[in-house]
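The values are calculated or read from the model by the stated rules, or taken from the named source; none is laboratory data. Predicted model only: the values in this text are computed from it and were never measured. Please note: Cβ atoms are built from the backbone with ideal geometry, for glycine as well, and neighbour counts cover all protein chains shown. In case anyone asks, the SASA skips ligands and DNA or RNA and just uses the protein heavy atoms, side chains included. Shrake-Rupley method; radii C 1.70, N 1.55, O 1.52, S 1.80 Å.
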Amino acid sequence: MTFIAKPRLHHPSLVKNKAGFTRRDYEGAVSTLCAGCGHDSISAAIIQACYELDILPHQVAKLSGIGCSSKAPTYFVGASHGFNTVHGRMPSVMTGANLANKNLIYMGVSGDGDSASIGLGQFAHIMRRGVNMTYIVMNNGVYGLTKGQFSATADKGSISKKGVANADASIDMVSMAILMGATFVGRSFSGDKHQLVPLIKAAMAHKGAAFLDVISPCVAFNNHAGSTKSYEYVREHNEALNRLDFIEGREEITADYAPGTATTVRQHDGSILRLRKLGEEYDPSDKIAAMKRVQEGLASGEVVTGLLYVDPSPVDLHANLNTVDAPLNTLQTGDLCPGPQALERINASLR
Amino acid sequence: MPPTITAVNDFVVKFANVNGSGSASANELFARSILRMGVPVSPRNIFPSNIQGLPTWYEVRVTEKGYLGRRGGVDLMVAMNPQTWAQDVKEIEPGGYLFYDSTKPLPSSAFREDVNVIGVPLTAICNATYTDARQRQLFKNIIYVGALSVLLDIDAKEIERLFGEQYKGKEKLLDSNVKALNLGRDWATQHLDPGAVKLKVRRADNVGNRIFVEGNNAAALGAVYGGATVCAWYPITPSSSLAEAFANHCKRLRHDKGTGKAKYAIVQAEDELASIGMVIGAAWNGARAFTATSGPGISLMTEFIGLAYFAEVPAVIVNVQRGGPSTGMPTRTQQSDLLSCAYASNGDTKHVLLFPEDPKECFEFTAEALDLADRLQTPIFVMTDLDIGMNHRLCQPFQWDEKRAFDRGKVMTAEDLEAGKTFGRYLDVDGDGIPFRTYPGTHPTKGSFFTRGTTKDEYARYSEQGPVYVRNMERLQRKFATAAKIAPQPQRYSSPKATRYGVIYFGSTSPAMDEALDHLEADGNHVNALRVRSFPFSQVVEDFIHEHDRVFVIEQNRDGQLRSMLMNEFTLDARKLVPVLHYDGTPITARFIAADIAKKLGQLKVVPFDKAAS
Ligand SMILES: Cc1ncc(C[n+]2csc(CCOP(=O)(O)OP(=O)(O)O)c2C)c(N)n1
Ligand code: SF4
Ligand SMILES: [Mg+2]
């Protein structure tokens with residue numbers, strides 16, 4: 001695999017967003033993943049979300065673990081810094097990065113092997129700590145990069161490409177995230193960009209630990225009959241609880257909603273989440289109800305998608321640590337070093 | 001009965017207590033009061049991996065000459081723990097003293113013929129004075145300090161002054177402690193012969209302006225002065241008190257005066273994998289970050305350490321070493337993580353290690369490590385150990401130059417990028433092997449790059465080309481050579497007489513070595529000495545080895561790890577480096593070093609070097 005630079009010719013018709021960037025400006029290097037890999041669709045959704053949010057590309061910090069999915073940050077927002085860390089340990093690196101500079105936008109990308117198998121511990125703890133970030137798991141039920149072994153999210157009884165049934169219980173990342181204290185939790189499907197893009201935008205606007213479990217079929221190793229993470233299976237079993245319209249605080253609300261068909265959640269940053277109801281009553285701010293509904297889905301074999309849980313006023317790690325407003329990485333010698341006089345006093349106290 | 005030991009300002013007192021009985025502060029009070037009389041002391045905690053109920057010891061070496069290493073042997077045992085009685089009594093030097101609670105009579109078989117016995121009915125005194133069980137236990141400790149002060153001629157005024165400082169504003173506590181102290185003093189004055197113990201403290205002026213501090217506390221302060229803003233850690237003895245001290249220092253020194261907000265972030269991580277990950281993330285993003293740990297933590301961190309080496313991310317790791325392998329001897333000291341740190345992680349990796357000798361250098365080297373990590377863009381290990389980290393040690397006062405500013409190393413700013421400077425993340429622009437980096441978020445269109453543990457070219461572009469890989473690995477070697485020049489340089493001590501013999505030592509061995517050098521010199525065994533203060537080794541180290549026929553390498557581990565590193569890094573005749581190894585978990589002593597070197601010198605002198613080497 002080699003690095004392929006994308007030609008940077010801008011088509012004059014590409015429309016600039018409010019920040020003055022075209023959609024192309026949010027792209028990265030050309031993907032080297034398999035044609036049809038769900039991960040590429042998710043990268044495209046991230047690009048679309050960043051473009052629509054008018055984000056300054058260099059204000060994003062992209063972090064990932066190891067895996068096909070963890071390669072994805074190379075393929076979006078090329079003008080930002082990225083960090084491909086070690087397998088399963090991206091959460092700690094992202095936590096540290098976030099501590100150093102609270103002002104960047106943190107995008108963590110991981111796989112189901114990376115986050116549910118080797119990295120389940122770090123996954124749990126980053127949610128507990130309320131790191132202000134968007135954490136996306138590109139969930140294909142297998143280890144793509146090491147050629148198709150089951151991951152910990154593979155459903156019990158699902159069949160591998162080689163015909164072997166998975167005997168172990170699966171880990172549901174959405175349940176984990178809610179249980180561990182994530183304050184924004186959704187699930188979507190790489191093949192449904194209309195659902196996915198607004199979810200990513202809302203997650204990025206959320207000032208706390210936002211998690212998205214995105215089912216992302218692996219065409220090379222897990223897209224056959226008997227798999228529960230194939231395109232066909234997910235399309236057939238997708239049970240969307242709501243449709244999200246993400247409205248930035250400064251935007252005017254133009255869409256009309258018939259009474260009783262939508263719920264509104266205003267996030268702390270002023271952004272508004274309009275959740276269009278799809279059939280059943282569902283209140284995503286009720287954590288216990290959310291856990292119940294997700295468990296029901298798991299029991300009945302539905303892939304429950306949508307915005308599943310949100311706490312619109314989260315308290316993030318920096319708030320808990322009561323850190324100064326300026327990013328810690330901007331503090332200089334004068335701000336941090338107490339100097340020789342203070343040291344003299346300390347010396348005196350040690351005699 | 002051998003002659004009773006008689007000594008002024010030069011003896012060892014050992015307290016045998018039960019863990020969790022409140023003896024620690026009383027014993028420390030004893031040590032400090034002697035220090036206040038101008039007589040250097042060197043105390044050491046010997047404690048089990050347990051919270052309550054198990055034996056614990058506190059050994060105080062009183063040393064007018066200022067020999068701060070452990071001496072070995074006990075002149076006066078304060079035996080307060082029935083569980084370890086036999087072992088404690090056995091340890092006393094012939095002609096020494098046994099101080100014990102004589103409330104319950106003991107059979108004569110419990111004592112030794114050649115040891116002077118001083119009984120004080122501590123329990124009886126307590127029971128007669130206090131009704132509360134906890135008070136009975138706590139004040140028993142103060143009462144024995146009182147009795148000892150009479151026996152050893154320790155000035156009670158100094159103890160009262162220490163109480164005054166400790167219980168400032170808490171008059172009730174102050175009064176009750178002074179009262180307990182006097183209970184012990186009065187009993188001893190009334191019932192004991194003042195000459196019963198011929199170990200005496202006499203006022204001197206040998207402490208000067210030195211400070212008395214634990215290495216972990218000092219290293220934590222070094223992290224504050226060196227500008228660390230992120231500390232991520234996971235509790236492990238003997239390093240936990242370092243992170244806790246950092247929190248305490250920050251509470252006083254690092255809150256914004258106006259808003260009260262913190263100019264630091266401390267996270268107790270879920271494990272050491274996470275703590276080093278957080279350090280790497282923070283440093284990648286331009287903050288100064290460190291972690292404190294011990295051997296098992298290092299084992300967990302190794303994959304990340306390799307990433308930081310190869311992706312060139314700064315990190316500071318203070319390793320307060322303890323006895324290994326595995327859980328090993330968690331509350332005992334060793335210098336046994338040298339190899340696991342120097343070459344930590346898979347592939348060809350090498351790391352910078354600093355070896356502080358005392359709390360003063362713990363302070364300096366931790367601050368320095370934060371500069372070096374930024375300058376070299378790589379992990380820096382501060383290799384202390386339990387002996388320095390968890391014991392109060394007398395050392396020179398901390399110093400800080402008013403004009404000193406953090407050296408952030410080669411960082412390209414938005415202005416540099418705007419001015420059109422070429423940015424290649426892994427491009428060696430001036431031959432020192434160190435490339436420029438940018439912090440995330442620096443510039444809208446220039447200077448971004450992808451950080452990864454896989455091979456990349458000078459412009460941080462992914463590559464699987466052999467020549468690209470080799471170029472990068474060679475540059476890392478150049479960077480390592482730069483490290484050898486800018487890390488703390490070795491210190492040389494020359495014997496007054498020309499000699500063919502040298503010794504190399506490092507870290508907490510220092511005070512014992514200083515003393516051993518005096519012993520050796522006095523016995524006519526002349527040796528030159530070199531204290532190694534960092535790895536990679538400076539050229540000075542190789543020169544020193546070549547200047548001598550034989551070099552003793554003094555270490556507190558089984559395998560001669562520093563010696564292995566010397567063999568690995570230089571081209572040497574293996575017979576030239578003679579290992580002197582002490583690794584039973586107790587701090588190395590001058591007695592051991594001098595005796596072992598004298599023995600080996602004797603053997604060497606029998607066989608002339610030329611013949612031995614052929
Ligand atoms: C410590 C360690 N163990 C094993 C590997 C090998 N490895 C690389 S990627 C991977 C699994 C990735 O699976 P997942 O996170 O689901 O990503 P996908 O490729 O499916 O997108 C494994 C086991 C590694 N890189 N590091
Ligand atoms: S192996 Fe699977 S996960 Fe990896 S790129 Fe191919 S389709 Fe995607
Ligand atoms: Mg996967």
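So for the stretch A:179-202 (the condition being open to solvent by less than 10 Å² (accessible area, probe 1.4 Å), under 30 Å from B:G441 (Cα atoms) and within 14 Å of ligand 1 (Cβ to nearest atom)), does at least one residue qualify?
Yes, because at least one residue in the stretch A:179-202 is open to solvent by less than 10 Å² (accessible area, probe 1.4 Å), under 30 Å from B:G441 (Cα atoms) and within 14 Å of ligand 1 (Cβ to nearest atom).
Could you say whether any residue in the stretch A:128-144 is within 16 Å of ligand 1 (Cβ to nearest atom), open to solvent by 10 Å² or more (accessible area, probe 1.4 Å) and of a type in the set (A, V, I, L, M)?
Taking every residue of the stretch A:128-144 in turn, none turns out to be within 16 Å of ligand 1 (Cβ to nearest atom), open to solvent by 10 Å² or more (accessible area, probe 1.4 Å) and of a type in the set (A, V, I, L, M).
Quickly run through the stretch B:491-520 and pick out the residues that are open to solvent by 60 Å² or more (accessible area, probe 1.4 Å) and of a type outside the set (S, T, N, Q).
Selection gives B:R492, B:Y493, B:P496, B:K497, B:A498, B:R500, B:D514, B:D518, B:H519.
Of all residues in the stretch A:140-151, how many are closer than 14 Å to A:H39 by Cα and either part of a helix (DSSP H, G or I) or of a type outside the set (V, I, T) (or both)?
Residues in the stretch A:140-151 being closer than 14 Å to A:H39 by Cα and either part of a helix (DSSP H, G or I) or of a type outside the set (V, I, T) (or both): 5 in total.
Take the residues in the stretch A:120-139 that are under 15 Å from the mean Cα position of the chain (by Cα) and within 14 Å of ligand 3 (Cβ to nearest atom); name whichever of them is farthest from A:L33 (Cα to Cα).
Looking at residues that are under 15 Å from the mean Cα position of the chain (by Cα) and within 14 Å of ligand 3 (Cβ to nearest atom), I get A:F123.
Determine if the stretch A:157-173 includes at least one residue that is surrounded by 20 or more Cβ atoms within 10 Å (Cβ to Cβ) and under 30 Å from A:Q59 (Cα atoms).
yes
Select from the stretch A:41-68 the residues that are within 13 Å of ligand 2 (Cβ to nearest atom) and buried (at least 24 other Cβ atoms within 10 Å of the Cβ) and write down the one among them that is nearest to the other protein chains (Cβ to nearest Cβ).
Just the residues of the stretch A:41-68 that are within 13 Å of ligand 2 (Cβ to nearest atom), to begin with: A:41-43, A:66-68.
From the residues that got through so far, the ones that are buried (at least 24 other Cβ atoms within 10 Å of the Cβ) too are A:42-43, A:66-68.
Numbers: A:I42: 18, A:S43: 14, A:I66: 8, A:G67: 13, A:C68: 14 Å.
Looking at residues that are within 13 Å of ligand 2 (Cβ to nearest atom) and buried (at least 24 other Cβ atoms within 10 Å of the Cβ), I get A:I66.
State the number of residues belonging to the stretch B:24-41 that are open to solvent by 10 Å² or more (accessible area, probe 1.4 Å) and hydroxyl-bearing (S, T, Y).
1
Report whether or not B:G433 is open to solvent by 40 Å² or more (accessible area, probe 1.4 Å), away from chain A (no Cβ under 14 Å) and in a loop (DSSP other than H, G, I, E, B). Walk me through it before giving the result.
Working: open to solvent by 40 Å² or more (accessible area, probe 1.4 Å): no; away from chain A (no Cβ under 14 Å): yes; in a loop (DSSP other than H, G, I, E, B): yes.
No, not satisfied.
What number of residues within the stretch A:140-159 are at positive phi and either more than 13 Å from ligand 2 (Cβ to nearest atom) or more than 20 Å from the chain's Cα centre (by Cα) (or both)? Break it down into steps so the answer makes sense when it comes.
So in the stretch A:140-159, the residues at positive phi come out as A:141, A:147-148, A:157.
The next check asks that each one be either more than 13 Å from ligand 2 (Cβ to nearest atom) or more than 20 Å from the chain's Cα centre (by Cα) (or both); those that pass are A:147-148, A:157.
So the count comes out to 3.
Look at A:L99 and say whether it is in contact with a strand residue (DSSP E or B) (Cβ under 8 Å, 6 or more places away or on another chain) and in a helix (DSSP H, G or I). First the steps, then the outcome.
Working: in contact with a strand residue (DSSP E or B) (Cβ under 8 Å, 6 or more places away or on another chain): yes; in a helix (DSSP H, G or I): yes.
Judged against the criteria, A:L99 is a match.
Name every residue in the stretch B:128-141 that is assigned to a helix (DSSP H, G or I) and touching a Lys or Arg at 6+ places or on another chain (Cβ under 9 Å), in order of residue number.
Residues of the stretch B:128-141 that are assigned to a helix (DSSP H, G or I), as a first pass: B:128-129, B:133-141.
B:T129, B:F139 - these are the residues of the stretch B:128-141 that are assigned to a helix (DSSP H, G or I) and touching a Lys or Arg at 6+ places or on another chain (Cβ under 9 Å).
Consider A:K201 against the criteria (1) assigned to a strand (DSSP E or B); (2) away from chain B (no Cβ under 12 Å): it satisfies all of them except one. Which criterion is unmet?
Of (1) assigned to a strand (DSSP E or B); (2) away from chain B (no Cβ under 12 Å), only one is false for A:K201: (1).
Which ones in the stretch B:186-205 are open to solvent by 60 Å² or more (accessible area, probe 1.4 Å) and away from chain A (no Cβ under 14 Å)? First the steps, then the outcome.
So the first thing to find is which residues in the stretch B:186-205 are open to solvent by 60 Å² or more (accessible area, probe 1.4 Å), and the list is B:186, B:189-191, B:193-194, B:198, B:202-203, B:205.
Hits for the stretch B:186-205 are B:D186, B:T189, B:Q190, B:H191, B:D193, B:P194, B:K198, B:R202, B:R203.
If we keep just the residues of the stretch A:69-91 that are within 13 Å of A:S115 (Cα to Cα) and within 16 Å of ligand 2 (Cβ to nearest atom), which is surrounded by the fewest Cβ atoms within 10 Å (Cβ to Cβ)?
Across the stretch A:69-91, the extreme among qualifying residues is A:H87.
Does any residue of the stretch A:211-228 turn out to be assigned to a loop (DSSP other than H, G, I, E, B), more than 16 Å from ligand 1 (Cβ to nearest atom) and within 29 Å of A:L53 (Cβ to Cβ)?
Scanning the stretch A:211-228 turns up no residue that is assigned to a loop (DSSP other than H, G, I, E, B), more than 16 Å from ligand 1 (Cβ to nearest atom) and within 29 Å of A:L53 (Cβ to Cβ).
Restricting attention to the stretch B:383-410, report how many residues are open to solvent by 30 Å² or more (accessible area, probe 1.4 Å) and part of a strand (DSSP E or B).
Residues meeting the conditions: 0.
Can you pull out every residue in the stretch B:154-168 that is under 10 Å from B:I34 (Cα atoms), in contact with a helix residue (DSSP H, G or I) (Cβ under 6 Å, 6 or more places away or on another chain) and assigned to a loop (DSSP other than H, G, I, E, B)?
B:I154
Among the residues of the stretch A:68-87, which ones are assigned to a loop (DSSP other than H, G, I, E, B) and within 12 Å of ligand 3 (Cβ to nearest atom)?
Just the residues of the stretch A:68-87 that are assigned to a loop (DSSP other than H, G, I, E, B), to begin with: A:77-80, A:85-87.
Within the stretch A:68-87, A:H87 is the sole residue that qualifies.
What residue, of B:A218, B:A243, is surrounded by 24 or more Cβ atoms within 10 Å (Cβ to Cβ), more than 26 Å from B:G286 (Cβ to Cβ) and in the same structural domain as B:D271 (by TED's automatic domain parsing)? Let's see the steps before the verdict.
Values: B:A243 fails: more than 26 Å from B:G286 (Cβ to Cβ).
The match here is B:A218.
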